[in-house]
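The values are calculated or read from the model by the stated rules, or taken from the named source; none is laboratory data. Quick caveat: nothing in here was measured; it's all calculated off a predicted structure. All Cβ positions, glycine included, derive from the backbone under ideal geometry; neighbour counts span all protein chains shown.
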Amino acid sequence: MTEPSNPLYPLLGVDPPRVGGHWLDARLGASPSGVAYTAHAEGGPEVLLIMLSEGASADAAACDRLAGTVNKLHIDTVLARGGRGQHEGRLGGKFAPTGDQPPLPDAVPEAPWVVLAYDGSADALAEAGRILAEVDLAWLPQQGAPAGPDYRLPWIDKIAPGTARQWPLPWPGRGERAGWPSILASWLIMMLLMALAILIAILIFQATPPTSPPPPVPTSGTGSPPPDSGSPPPDSGSPSPDSASPSPESGSPSPATGSPESPGGSASANSPTPNSRL
């Protein structure tokens, strides 16, 4: 495969992906009045596409100069044309209608463009430069003696490519219209990502260790602690009245056993009963 004789440059972010049904491939040259691209239609050969810049598209005189230059070209050289002010003249039949494309706002003019046959030779690049020079009057010599600031086109600094219609919208990063395989693949990828996100969320929540509930807070409004908080229960430390008195089996004498402190205890214990005397 032989390399082209003209150097090609990558497209910039300001360049549209498609102009008039032709997909842009690379930059071939640029000037203040416009940009020359290499492009192709779907299934068609490589062509040369020239589109005016933002500043030149807003100037009606610049658009007319481009139309006049294109009308002077050979009919076989011009393949298509479009944009502002390009539907009249000798080659007005090459104008590509917009069809069902959405209209642009009134404040944004559509950039004029023309598609020419391209063979990759240096003559094609020189022809693109000549057409752009006709628009910005680069070939015009200085008139008179310099006695002050030279004349300067008011739009000469607006060198960004003009606005072109984009409908239907192209798939990002691709040089052709998005078909149903691309849309189906993107839909499947999106569903796969959603399922993966749900699975990750489930695994994260399952890995969380269980936490014990906090201890109950007393709801008593008196301010005193609950019975089991700090004070011992009644039967834990202080003896009960029943435990303080000795039981009959403990060995201490009871009042009925004849203790001397009980009144009449000794007499009842030593004196015989009436039955004992008999």
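Some values worked out for this structure:
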| quantity | calculated |
| --- | --- |
| Among (1) farther than 18 Å from Ala164 by Cβ; (2) touching a residue at least 12 places away in the same chain (Cβ under 8 Å); (3) out of contact with any strand residue (DSSP E or B) (no Cβ under 8 Å at 6 or more places or on another chain) - the single one Asn6 does not satisfy | (3) |
| Matching residues in region 10-25 - criterion: being surrounded by 21 or more Cβ atoms within 10 Å (Cβ to Cβ) and of a type in the set (A, V, I, L, M) | Val19, Leu24 |
| Verdict on Ile159 being in a loop (DSSP other than H, G, I, E, B), within 30 Å of Gly13 (Cα to Cα) and at pLDDT 80 or above | yes |
| Unique match (being modelled with pLDDT under 90 and either polar (S, T, N, Q) or surrounded by fewer than 22 Cβ atoms within 10 Å (Cβ to Cβ) (or both)) among Gly99, Gly83 | Gly99 |
| Number of positions in region 3-50 that are of a type in the set (A, V, I, L, M, F, W, C) and in contact with a helix residue (DSSP H, G or I) (Cβ under 7 Å, 6 or more places away or on another chain) | 4 |
| Single residue of Leu140, Leu169, Leu132 found to be at pLDDT below 80, under 25 Å from Ala56 (Cβ atoms) and surrounded by 10 or more Cβ atoms within 10 Å (Cβ to Cβ) | Leu140 |
| Matching entry among Leu48, Leu52, Leu28 (being buried (at least 21 other Cβ atoms within 10 Å of the Cβ), more than 16 Å from Arg81 (Cβ to Cβ), of a type outside the set (Gly, Ala, Ser) and touching a Ser or Thr at 6+ places or on another chain (Cβ under 9 Å)) | Leu28 |
